[in-house]
Amino acid sequence: MAPPPSSPSSSSSSSTGSPRLLHSNSSEWHVVVQRNIKSSLLLLLVLSTLFVFSVLYLSHSFSATTADEVLTQSTLVGDPDVISHLMPGEEKDDGFVAPVQDNVAPEQSKPADNISLPSANSSAAPTAVPEEQTGDQSSLGGGGAEADEEEQCDMSTGKWVREPRGPVYTNLTCPTLPDFKNCQKYGKDPGHLFWRWQPAGCDLPRFDPARFLDVARGKRLAFIGDSLARNQMESLLCLLSQAETPTDVHRDAFDKFRTWSFPAHDFTLMAMWTEFYAHAEPVLGADGKPTASFDIHLDRLSANWTSRLPGLHYAVISGGNWFFRVNYLWEGGRRVGCVNCREANLTDLGIAYAVRRVVRAALEAVARCRDCEPGLVTFLRTYTPDHFEHGSWFSGGYCNRTRPLEEGELSTRSIGWELRRVQSEEVARVRETTGTGSRRFGVLDVTKAMMLRADGHPGGHYDKRWVRNASDCLHWCLPGPIDMWNDVLLHRIAHISPPPLLR
C-alpha cells in the first residue's frame, strides 16, 4: 500500500476535519431530491425541516466545528451502546417515540481510582518509525519464537472481490443480533453481503467458528473501545454462535461492560467501554448539564478498563471517532490545549496528537500491567471512517451505495490515513521498547478495507421506533463488512496460538 498521505491534524472544515471519502456535486443532489420528492408540497416540507434543524444547531456554541463534522462523529441515538451520549439538540428531534435517558454520562471512576501517568514530554514528539513499519504489523513484538516467524500475508492491502456464498451467518441465524444492526430486517439491499476481502498476494481464510473456539479454548478476550469496538464484539458473537450458543453473563447498569460465555469451550468474550482510554469528564454547560465536549486528562488513564485487564489473554483496543468533537486536553491538573476548539487562549493540538498520546499511554499501561497474564496479546484495530454523503446524522446524510467503492474514489486527504499511521507507529514503538518479553502487540489494519465499504452501514435501515429522521453511516450492518475484522483476528490468533491436536 502506498505511504499514507499527510493530512491536517485538526478539523476546520468537512473536507479536512472529518474523514470524508465521497464527494458529489450539487446536480447529483438535485437528482436525488427530484427522484424522491413527489410533490412540491413535500419538497417545501423537507426544506422547512432542514431550516429548523439548521436554526437549532446554530443556537449552540460549537463554533469550532461545523454541524456536519460534529454530528458525523457523534454516536447514533437509539443504539443501546451510545444512547446516553447525545449531541446537544439531538434529544429535541421529534422522531423519538421510545423513552430514553438523556445526558447520562458514561460510567466514570473517581479520580483517585484512575492510573496516574508521568508527564511524558517525550510523548509530545512522535517517535520516528521507518515507513515500512507503519503498515500491517504481521509479527507480534515480544513474542519470542512466534514473533520470529514473520507472517508473509499483508492484510492491510488488497481489494473486495465477489463472494457468491454470502456470509457465514444471516440475520435469521444469529441469536444475539442487535436489532439496530439488523439491516436486512428493515429493508437494506442484500448486495453488500456478497463480498470478501482479498489481501494482495495471499488469501484470508473464511471465518471458521469451530476453529476460533478451539484456538481460544480456556481464554478470555476483550474488545476495549467505543461503540465500534462493541460492533466488532457483536459480529464475533454472531460468528461464534454458529458453533455454540453464547450465554449472557453480565452487563453493567449502563450496558457499557458486557460479558458473554461459551461454556463448552471455556471461552469468555467481553466488551469494555472507553471513549478515550484516558480519564475524561463531560464539560458542563451554563445550565449545569453535560455537553458533547470532554475534558481529557492525558496523564491519567481510566481505571474503568485498566482495572479489568488482569485475567485477559487477548485484548483488542480501538477508537478515534470521539476525538472529532470539541475536546479539551489536560495535563498536570491544567488545560494544556484542545482539539477543534478555536479558542484564542488555547492551542489546538489536533486530533492526531491527542490520539497518539492516549494510544501510547494505553499500550504502555498494558505492557507494564503487573497483574496481567504474562502472555497477554494485545491488538490495536486501526481507525475506520464514516461514509456520510450530503449531510450527517440528522441533516439528511445518507450512505445508499450498493457496492464497494473503487480505489480511485478514496480521498487522499482523509485524516483517516494519518490516524492509521499514528496508531501503527505507536504499536511499533511499544513493541520495540517491550523487547523480547512475553507481552505481545500487533495491529489489525483494516483502515483501507473499510474506507472502500461505503455500502455496509445501516443508513436508514433500522427500527424507527428508536428514532426517526436519522441515518447511521458510521456503524456496520450485521452480517456485513465488519465480519472481516474477525477474519483477520482469527488469522492472527491462530498464527500465534494454534489449537491443540485432537486425540
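Details
- Put simply, the amide H of Ala278, placed in the peptide plane, has neighbours under 5 Å in Ser302, leaving out anything fewer than 5 places away on its chain.
- Estimated translational D of the range 274-337 in µm²/s (Stokes, Kirkwood radius over Cα pairs; 37 °C; 0.692 mPa s): 251
- 15 Å cut-off, amide nitrogen to a point 7 angstrom out along Ser438 Cα→Cβ, residues in the range 288-313: 310-313
- Packing-based exposure ordering (other Cβ within 10 Å, fewest first) of His297, His457: His297, His457
- Using a simple spin-label model with pseudo-atoms 7 Å out from Cα toward Cβ, Asp179 and Asp266 lie 3.8 nm apart.
- Average Cα contact separation per residue, the range 273-326, under 8 Å, 6 or more apart, as relative contact order %: 40
- Rounded FRET efficiency, nearest 0.05, which uses the C-beta distance separating Val336 from Arg165 and R0 of 41 Å: 0.20
- For the range 238-366, a simple Cβ point-charge model (Lys and Arg +1, Asp and Glu -1, everything else neutral) yields a dipole of about 300 debye relative to the Cα centre.
- Fully extending the segment from Arg251 to Glu406 would add 51.8 nm, taking 0.36 nm per residue of separation and subtracting the current Cα-Cα distance.
- Filter on Lys185/Lys289; Lys219/Lys464; Lys256/Lys448; Lys159/Lys464 - keep pairs with C-alpha separation over 32 Å: Lys185/Lys289; Lys219/Lys464; Lys159/Lys464
- Under the criterion of Cα pairs below 8 Å and six or more residues apart, the relative contact order for the range 163-272 equals 28 percent.
- For the range 271-409, radius of gyration divided by Kirkwood radius, i.e. Rg to Rh on alpha-carbons: 1.03
- The distance between label points at Asn469 and Glu281 comes to 3.5 nm (points 7 Å beyond Cα on the Cα→Cβ vector).
- Charge dipole of the range 317-387 (Cα centre as origin; +1 on each Lys and Arg Cβ, -1 on each Asp and Glu Cβ, all else neutral): 140 debye, rounded to the nearest 20.
Quick note: the coordinates plus some simple rules give every number you see, no bench work behind them. This one's a predicted model, so the numbers in the text were calculated from it and none came from an experiment. We place every Cβ from the backbone using ideal geometry, glycine too, and count neighbours over all the protein chains shown.
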